[in-house]
Amino acid sequence: PARPGGVLAAAVLAVPLLAGGVLALRLHRLVITAEPGGAPGLGTLVALLAAALGGGGLVVGLLFTGAARTARRAAGAPVSRLYAAEALGSLAGGLLFTFALTGRIGHPGAVALGGAPLLTALALGARRPAGRAACLVLAGGLLLAALGGPAAALDRWSTRRAFELAGGGGLLAAAETAYGRLALGSRRGQHQLYADGRLDHAFPDPWERPVPIHLALTEHPLPKSVLLLGGGLPDR
(Lines give C-alpha, C1' and ligand atoms only; values in the text may rest on other atoms or scores of the structure.)
Protein backbone atom coordinates (compact mmCIF):
# COMPACT_ATOMS: atom_id res chain seq x y z
CA PRO A 1 0.00 0.00 0.00
CA ALA A 2 1.08 3.60 -0.66
CA ARG A 3 2.30 5.78 2.18
CA PRO A 4 1.60 9.48 2.78
CA GLY A 5 5.30 10.26 2.39
CA GLY A 6 5.27 8.85 -1.13
CA VAL A 7 2.26 10.96 -2.08
CA LEU A 8 3.96 14.06 -0.70
CA ALA A 9 7.14 13.29 -2.62
CA ALA A 10 5.17 12.86 -5.85
CA ALA A 11 3.36 16.16 -5.30
CA VAL A 12 6.63 18.01 -4.70
CA LEU A 13 8.28 16.35 -7.70
CA ALA A 14 5.38 17.13 -10.05
CA VAL A 15 5.92 20.92 -9.90
CA PRO A 16 9.52 21.06 -11.20
CA LEU A 17 8.83 18.30 -13.73
CA LEU A 18 5.85 20.13 -15.23
CA ALA A 19 7.58 23.52 -15.16
CA GLY A 20 10.67 21.95 -16.73
CA GLY A 21 8.48 20.44 -19.43
CA VAL A 22 7.10 23.87 -20.30
CA LEU A 23 10.62 25.27 -20.56
CA ALA A 24 11.77 22.30 -22.66
CA LEU A 25 8.95 22.87 -25.15
CA ARG A 26 9.72 26.58 -25.39
CA LEU A 27 13.47 26.12 -25.80
CA HIS A 28 13.46 22.96 -27.92
CA ARG A 29 15.30 24.75 -30.74
CA LEU A 30 18.42 24.69 -28.57
CA VAL A 31 18.74 20.98 -29.32
CA ILE A 32 16.46 20.45 -32.35
CA THR A 33 17.36 22.05 -35.66
CA ALA A 34 14.43 23.52 -37.59
CA GLU A 35 14.10 26.26 -40.16
CA PRO A 36 12.90 29.64 -38.82
CA GLY A 37 9.12 29.53 -38.83
CA GLY A 38 9.11 25.78 -39.46
CA ALA A 39 8.02 22.97 -37.17
CA PRO A 40 9.81 19.72 -36.27
CA GLY A 41 8.81 16.52 -38.06
CA LEU A 42 6.11 14.28 -36.63
CA GLY A 43 8.55 11.76 -35.13
CA THR A 44 10.67 14.50 -33.59
CA LEU A 45 7.57 16.22 -32.24
CA VAL A 46 6.27 13.03 -30.60
CA ALA A 47 9.67 12.37 -29.01
CA LEU A 48 9.87 15.97 -27.82
CA LEU A 49 6.43 15.84 -26.19
CA ALA A 50 7.21 12.50 -24.54
CA ALA A 51 10.52 13.76 -23.15
CA ALA A 52 9.14 17.12 -22.00
CA LEU A 53 5.79 16.08 -20.55
CA GLY A 54 6.12 12.34 -19.97
CA GLY A 55 7.75 12.56 -16.53
CA GLY A 56 5.40 15.21 -15.18
CA GLY A 57 2.34 13.49 -16.61
CA LEU A 58 3.39 10.16 -15.10
CA VAL A 59 3.87 11.66 -11.64
CA VAL A 60 0.56 13.55 -11.78
CA GLY A 61 -1.20 10.37 -12.87
CA LEU A 62 0.31 8.44 -9.99
CA LEU A 63 -0.75 11.09 -7.48
CA PHE A 64 -4.41 10.07 -7.47
CA THR A 65 -3.56 6.37 -7.38
CA GLY A 66 -1.19 6.84 -4.45
CA ALA A 67 -3.64 9.07 -2.59
CA ALA A 68 -6.45 6.57 -3.15
CA ARG A 69 -4.40 3.67 -1.82
CA THR A 70 -3.39 5.78 1.17
CA ALA A 71 -7.03 6.72 1.86
CA ARG A 72 -8.03 3.06 1.91
CA ARG A 73 -5.78 2.57 4.92
CA ALA A 74 -7.51 5.37 6.87
CA ALA A 75 -10.81 4.80 8.66
CA GLY A 76 -13.73 6.88 7.39
CA ALA A 77 -11.93 8.15 4.27
CA PRO A 78 -13.63 6.55 1.26
CA VAL A 79 -11.99 6.88 -2.13
CA SER A 80 -15.21 8.35 -3.57
CA ARG A 81 -14.65 11.56 -1.58
CA LEU A 82 -11.12 11.77 -2.89
CA TYR A 83 -12.34 11.30 -6.45
CA ALA A 84 -14.99 14.02 -6.04
CA ALA A 85 -12.45 16.41 -4.54
CA GLU A 86 -9.99 15.76 -7.38
CA ALA A 87 -12.67 16.32 -10.04
CA LEU A 88 -13.99 19.51 -8.45
CA GLY A 89 -10.46 20.82 -7.96
CA SER A 90 -9.60 20.23 -11.62
CA LEU A 91 -12.80 21.96 -12.73
CA ALA A 92 -12.23 24.95 -10.43
CA GLY A 93 -8.60 25.27 -11.49
CA GLY A 94 -9.49 25.18 -15.19
CA LEU A 95 -12.20 27.82 -14.80
CA LEU A 96 -9.94 30.02 -12.68
CA PHE A 97 -7.10 29.93 -15.18
CA THR A 98 -9.36 30.39 -18.22
CA PHE A 99 -11.45 33.29 -16.97
CA ALA A 100 -9.27 35.01 -14.36
CA LEU A 101 -5.58 34.22 -14.73
CA THR A 102 -5.03 34.09 -18.50
CA GLY A 103 -2.99 37.13 -19.45
CA ARG A 104 -2.08 37.82 -15.83
CA ILE A 105 0.15 34.87 -15.03
CA GLY A 106 2.54 32.85 -17.19
CA HIS A 107 2.74 29.10 -17.58
CA PRO A 108 5.51 28.54 -14.97
CA GLY A 109 3.48 30.59 -12.50
CA ALA A 110 0.35 28.57 -13.30
CA VAL A 111 2.21 25.33 -12.53
CA ALA A 112 3.46 26.72 -9.21
CA LEU A 113 0.02 28.09 -8.37
CA GLY A 114 -1.53 24.68 -9.07
CA GLY A 115 0.90 22.97 -6.70
CA ALA A 116 0.08 25.25 -3.76
CA PRO A 117 -3.50 24.03 -3.08
CA LEU A 118 -2.42 20.43 -3.65
CA LEU A 119 0.19 20.69 -0.91
CA THR A 120 -2.30 22.53 1.29
CA ALA A 121 -4.74 19.65 0.91
CA LEU A 122 -1.99 17.20 1.81
CA ALA A 123 -1.23 19.30 4.89
CA LEU A 124 -4.85 19.06 6.02
CA GLY A 125 -4.72 15.29 5.69
CA ALA A 126 -1.31 14.82 7.29
CA ARG A 127 -1.22 13.03 10.64
CA ARG A 128 2.23 14.10 11.76
CA PRO A 129 2.92 17.73 12.70
CA ALA A 130 6.25 17.66 10.87
CA GLY A 131 4.61 16.54 7.63
CA ARG A 132 1.86 19.13 8.01
CA ALA A 133 4.39 21.90 8.55
CA ALA A 134 6.50 20.79 5.58
CA CYS A 135 3.47 20.83 3.27
CA LEU A 136 2.41 24.28 4.42
CA VAL A 137 5.92 25.71 4.00
CA LEU A 138 6.22 24.29 0.49
CA ALA A 139 2.72 25.50 -0.42
CA GLY A 140 3.58 29.00 0.79
CA GLY A 141 6.82 28.99 -1.18
CA LEU A 142 5.02 27.96 -4.37
CA LEU A 143 2.36 30.62 -3.84
CA LEU A 144 5.00 33.33 -3.40
CA ALA A 145 6.89 32.10 -6.47
CA ALA A 146 3.71 32.08 -8.57
CA LEU A 147 2.46 35.52 -7.56
CA GLY A 148 5.84 37.14 -7.02
CA GLY A 149 8.92 37.71 -9.16
CA PRO A 150 10.60 34.30 -9.72
CA ALA A 151 7.94 32.67 -11.90
CA ALA A 152 7.27 35.87 -13.84
CA ALA A 153 10.98 36.41 -14.49
CA LEU A 154 11.38 32.82 -15.69
CA ASP A 155 8.35 33.22 -17.97
CA ARG A 156 9.69 36.45 -19.51
CA TRP A 157 13.18 35.06 -20.05
CA SER A 158 12.02 31.79 -21.63
CA THR A 159 9.47 33.60 -23.83
CA ARG A 160 12.11 36.04 -25.09
CA ARG A 161 14.67 33.29 -25.69
CA ALA A 162 12.16 31.09 -27.53
CA PHE A 163 11.23 34.03 -29.76
CA GLU A 164 14.87 34.64 -30.62
CA LEU A 165 15.48 30.95 -31.37
CA ALA A 166 12.47 30.91 -33.72
CA GLY A 167 14.01 33.69 -35.81
CA GLY A 168 11.64 36.44 -34.70
CA GLY A 169 14.40 38.90 -33.75
CA GLY A 170 14.17 40.92 -30.55
CA LEU A 171 10.98 40.47 -28.56
CA LEU A 172 9.19 43.75 -27.81
CA ALA A 173 6.01 42.47 -26.17
CA ALA A 174 4.07 39.25 -25.62
CA ALA A 175 0.63 38.57 -24.17
CA GLU A 176 -1.91 35.80 -23.71
CA THR A 177 -5.17 37.03 -25.25
CA ALA A 178 -8.58 35.71 -26.29
CA TYR A 179 -7.13 35.42 -29.80
CA GLY A 180 -4.13 33.29 -28.76
CA ARG A 181 -0.59 34.04 -27.62
CA LEU A 182 0.53 37.19 -29.43
CA ALA A 183 4.16 38.28 -29.71
CA LEU A 184 5.64 41.38 -31.34
CA GLY A 185 9.26 41.41 -32.47
CA SER A 186 11.60 43.76 -34.28
CA ARG A 187 14.50 43.15 -36.64
CA ARG A 188 16.36 45.68 -38.81
CA GLY A 189 13.58 48.27 -38.67
CA GLN A 190 10.78 45.81 -39.45
CA HIS A 191 8.19 44.60 -36.94
CA GLN A 192 6.67 41.12 -36.97
CA LEU A 193 3.48 40.07 -35.23
CA TYR A 194 3.24 36.38 -34.32
CA ALA A 195 0.06 34.55 -33.27
CA ASP A 196 0.61 31.23 -31.46
CA GLY A 197 4.15 31.02 -32.85
CA ARG A 198 3.23 31.68 -36.48
CA LEU A 199 3.95 34.87 -38.40
CA ASP A 200 0.72 36.81 -38.86
CA HIS A 201 1.87 40.17 -40.23
CA ALA A 202 5.03 42.17 -40.92
CA PHE A 203 5.24 45.95 -41.23
CA PRO A 204 6.48 47.89 -43.01
CA ASP A 205 6.49 45.36 -45.85
CA PRO A 206 8.34 46.75 -48.92
CA TRP A 207 7.29 43.81 -51.12
CA GLU A 208 3.60 43.30 -50.45
CA ARG A 209 2.15 46.80 -50.00
CA PRO A 210 3.68 48.84 -52.89
CA VAL A 211 2.41 46.44 -55.56
CA PRO A 212 -1.32 47.36 -55.40
CA ILE A 213 -0.37 51.02 -54.98
CA HIS A 214 1.66 51.08 -58.20
CA LEU A 215 -1.04 49.16 -60.02
CA ALA A 216 -3.52 51.85 -59.04
CA LEU A 217 -1.14 54.58 -60.19
CA THR A 218 -0.80 53.02 -63.65
CA GLU A 219 -4.53 53.46 -64.28
CA HIS A 220 -4.02 57.20 -64.98
CA PRO A 221 -1.34 58.81 -67.17
CA LEU A 222 -0.73 61.76 -64.78
CA PRO A 223 -2.16 60.94 -61.38
CA LYS A 224 -2.26 63.83 -58.93
CA SER A 225 -4.11 62.11 -56.13
CA VAL A 226 -5.20 58.53 -55.50
CA LEU A 227 -7.85 57.23 -53.13
CA LEU A 228 -7.15 53.68 -51.94
CA LEU A 229 -9.97 51.64 -50.41
CA GLY A 230 -9.66 48.13 -49.04
CA GLY A 231 -6.70 46.08 -47.83
CA GLY A 232 -4.02 47.64 -50.06
CA LEU A 233 -3.24 50.57 -47.81
CA PRO A 234 0.45 51.29 -47.16
CA ASP A 235 2.04 50.56 -43.79
CA ARG A 236 3.23 54.12 -43.34
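The values are calculated or read from the model by the stated rules, or taken from the named source; none is laboratory data. None of the values given here were measured: they were computed from a predicted structure. As a convention, Cβ positions derive from the backbone with ideal geometry for all residues, glycine included, and neighbour counts pool all protein chains shown. For accessibility, only protein heavy atoms count, side chains too; no ligands or nucleic acids. Shrake-Rupley method; radii C 1.70, N 1.55, O 1.52, S 1.80 Å.
The angle between the Cα long axis of helix 79-96 and the main principal axis of the chain comes to about 20°, on a 0 to 90 degree scale.
Any chance you could run the full-extension gain for residue 30 through residue 79? It's 0.36 nm times the residue separation minus the Cα-Cα distance, nm to one decimal. Display every interim value, and only then the final one.
Numbers: separation 49, 0.36 × 49 = 17.64 nm, distance 4.41 nm.
Fully extending the segment from residue 30 to residue 79 adds 13.2 nm.
If we count every other residue with Cβ under 13 angstrom of residue 19's Cβ, Lys/Arg +1 and Asp/Glu -1, where does the sum land? Here the charged neighbours net out to 0. Peptide packing: for 214-226, 121-133, 150-162, the average count of neighbouring Cβ atoms within 10 Å per residue gives the ranking 150-162, 121-133, 214-226, highest mean first.
In the neighborhood of residue 181, defined by Cβ-to-Cβ distances under 12 Å, what is the net charge if each Lys or Arg adds +1 and each Asp or Glu adds -1? Mind showing how you got there, number by number?
Values: positive: 26, 198; negative: 155, 176, 196, 200.
With Lys, Arg at +1 and Asp, Glu at -1, the net is -2.
What is the dipole size for the chain, taken about its Cα centre, with +1 at each Lys and Arg Cβ and -1 at each Asp and Glu Cβ, in debye to the nearest 20?
Numbers: 21 positive and 11 negative charges, 230 e Å.
Roughly 1100 debye for the chain.
Summing Lys, Arg as +1 and Asp, Glu as -1, what charge do residues with Cβ under 15 Å from the Cβ of residue 106 carry, residue 106 excluded?
Values: positive: 26, 104, 156, 160, 161, 181; negative: 155, 176.
Overall, the nearby charge balance is +4.
The long axis of helix 149-165 is offset from the longest Cα principal axis of the chain by roughly 40 degrees.
When region 72-171 is described by a simple charge dipole with +1 on each Lys and Arg Cβ and -1 on each Asp and Glu Cβ, the residue from 99, 130, 158 located farthest towards its positive end is 130. One decimal place: the segment residue 229-residue 86 gains 45.9 nm when fully extended, by the rule 0.36 nm per residue minus the C-alpha distance.
Which value, in Å², gives the accessible area per residue of the chain when a 1.4 Å probe is used on the protein heavy atoms?
Numbers: 15210 Å² over 236 residues.
On a per-residue basis, 64 Å².
Taking Cα centre as origin and charging only the Cβ of basic (Lys, Arg, +1) and acidic (Asp, Glu, -1) residues, the dipole magnitude of region 80-175 rounds to 280 debye.
Quick one: what do you get for the chain if you divide its Cα Rg by 2.2 N^0.38 Å? Please report the intermediate quantities before stating the final value.
Values: Rg = 25.0 Å, N = 236, 2.2 N^0.38 = 17.5 Å.
Its radius of gyration relative to the 2.2 N^0.38 Å reference: 1.42.
Per-atom-type breakdown for the chain gives carbon and sulfur 67% of the accessible area (1.4 Å probe, protein chains only).
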